[in-house]
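Undergrad: Please read through the structure below; I'll follow up with questions.
Since every read-out is calculated from the coordinates, none of them should be taken as a lab result. Owing to the predicted nature of the structure, the values given are computational and were not obtained by experimental measurement. No Cβ is skipped: glycine too gets one built from the backbone with ideal geometry, and neighbour counts run over all protein chains shown.
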Amino acid sequence: MSCAVLAAGCITPGGLTLAETAASARARLARLQAIEWLDRRFEPFVVGRVPNDGLPDVNPALGAQLRPSRESRMLQLAHAALADVLGGLPPQVEPPPLLLALPEHHTTIAIEPARFLQRLALQAGPCFDLGSSIAAPRGRAAGLMAFKQALQRIEAGQSRFVLVGGVDSLVDLHLLGSFDREDRIRGETISDGFSPSEGAAFVLLGDAETARTYGMPPLATVISAAIGQEPGHLYSDEPYLGNGLASAVTGAIESAQLPTPITSVFCSFNGERYWAREFGVARIRNSAAFADDAAMEHPAECFGDLGAAHGVALAALAAHDISRGYRRAPALVYASSDYADRAAAILDRAA
């Protein structure tokens with residue numbers, strides 16, 4: 001089971017497009033800033049923010065419903081990233097179904113998945129097939145979890161193309177306050193923490209034959225995808241053993257039947273030590289599948305934790321860098337949510 005990455009796009013504090021974000025990440029440029037909101041120690045939060053002038057306006061039909069809010073911000077982010085991924089597609093390509101990752105952490109008003117898709121269709125226009133689209137509020141791993149479903153849809157002939165995406169904004173006063181009380185936000189007095197951020201990312205998947213038919217040279221090939229569940233997740237009282245990610249990575253490796261070892265790893269490390277432990281378990285259990293000099297890429301150090309957009313952003317960066325020879329392949333791309341979800345995919349050079 002495999003498919004081609006035909007296009008990819010994103011918007012992050014590191015750049016308004018995938019090309020800008022990728023260049024910023026390769027240069028290891030930190031795009032974080034102190035904002036006017038203060039934590040409980042009266043220190044400013046340091047976060048990643050997309051410049052307001054880099055975002056499209058909220059559709060007037062939605063503005064009256066939403067006013068300035070986390071959801072309206074996410075709609076703007078998703079709109080911008082959709083324009084990046086779909087801007088160069090041939091006009092004869094029909095709007096594909098969208099599998100969208102949404103936040104696992106909610107502010108005072110939870111984002112309702114079906115309603116968000118409806119509002120995104122109004123905000124961004126008819127660029128995806130609303131009737132066959134799904135959104136899941138499951139955080140960082142959700143986008144990579146959707147890769148497995150996308151591969152199945154394409155292999156079964158249900159869709160020629162599938163759009164996989166993620167969008168989130170952790171720069172919300174309620175969320176920042178919640179993370180601050182948990183001592184999770186990196187700052188002057190907390191080194192074992194992360195930098196909240198925001199962004200959106202999308203990849204367009206399809207089979208290689210369809211790509212040739214439409215004259216769309218692929219960026220990379222997704223040769224496998226797998227998911228796992230971690231009982232001892234960040235908010236659980238169960239023992240944290242790292243089995244969830246190890247299961248996902250093992251499943252992706254076994255399904256891929258790799259002819260050569262993994263030479264690049266794009267991971268969702270965000271600065272919290274917690275996440276390094278589980279990758280250590282996954283790496284040890286699958287040591288034979290990794291090259292000794294496999295490179296680790298964790299771009300959250302540059303643009304912060306993108307929440308539900310993180311997994312797809314990693315896949316977009318991996319496809320972009322592989323296609324241009326900036327990073328070696330095959331590449332393992334994985335993401336872990338704060339709760340139980342874990343997901344991994346393996347990308348290789350385009351066939």
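Undergrad: Residues with amide H under 5 Å of D338's amide H, sequence separation 5 or more or different chain, H placed in the peptide plane at 1.01 Å from N; which?
TA: Residues meeting the amide H criterion: R140.
Undergrad: Between beta-carbons, use under 11 Å as the cut-off and find the net charge around L144, counting Lys and Arg +1, Asp and Glu -1.
TA: +3
Undergrad: Are there any trypsin sites (Lys or Arg not before Pro) in the range 296-344 that are in a DSSP loop and have at most 13 other Cβ atoms within 10 Å? List them by number.
TA: Sparse-neighbourhood loop trypsin sites (Lys or Arg not before Pro): R324.
Undergrad: Something else about it: Find the centroid of the Cα atoms in the range 272-289 and in the range 189-239, then give the distance between the two in whole Å.
TA: A separation of 17 Å, based on Cα centres.
Undergrad: Further question: Connecting C-alpha atoms closer than 10 Å in a GNM of the chain, tell me which of L82, L234, L151 has the biggest fluctuation.
TA: Top of the fluctuation ranking is L234.
Undergrad: Please list, ordered by chain and number, the residues whose modelled amide H lies under 5 Å from the amide H of A295; skip anything fewer than 5 residues away on the same chain.
TA: S264, V265
Undergrad: Please give the net charge around R327, taking every other residue with its beta carbon less than 10 angstrom from that of R327, where Lys and Arg add +1 and Asp and Glu add -1.
TA: Once positives and negatives cancel, what remains is +1.
Undergrad: What translational diffusion coefficient, to the nearest whole µm²/s, does the range 167-305 have by Stokes-Einstein, given a Kirkwood radius computed over alpha-carbon pairs, a temperature of 20 °C and 1.002 mPa s viscosity?
TA: Diffusion coefficient, whole number: 122 µm²/s.
Undergrad: Here's another thing I want to ask about it. Rounded to the nearest 20 Debye, what is the dipole magnitude of the range 12-144 about its Cα centre when Lys and Arg each give +1 and Asp and Glu each give -1 at the C-beta?
TA: Magnitude of the dipole: close to 400 debye.
Undergrad: If you take the beta carbon distance between A288 and A64 as r and set R0 to 41 Å, what does 1/(1 + (r/R0)^6) give as a FRET efficiency, to the nearest 0.05?
TA: 0.10
Undergrad: Near Q118, within a Cβ-to-Cβ distance under 14 Å, what is the net charge of the other residues, with Lys and Arg +1 and Asp and Glu -1?
TA: The answer is -1.
Undergrad: Full extension from R28 to L122: what is 0.36 nm times the residue separation minus their Cα-Cα distance, to one decimal in nm?
TA: Details: separation 94, 0.36 × 94 = 33.84 nm, distance 3.60 nm.
Between R28 and L122, full extension yields 30.2 nm more.
Undergrad: Another question, then. Using θ = phi - 60° and the Karplus curve 6.51 cos²θ - 1.76 cosθ + 1.60, what whole-Hz ³J(HN,Hα) does each residue of the range 217-229 get, with Gly and Pro shown as x?
TA: x, x, 7, 6, 10, 8, 9, 6, 8, 8, 10, x, 10
Undergrad: With a point put 7 Å past each Cα toward its Cβ, work out how far W37 is from E254 in nm, to one decimal.
TA: For W37 paired with E254, the spin-label model returns 4.3 nm.
Undergrad: Among R160, R49, R285, which one moves the most in a GNM of the chain with springs linking Cα atoms closer than 10 Å?
TA: Looking only at R160, R49, R285, the largest GNM fluctuation is found for R285.
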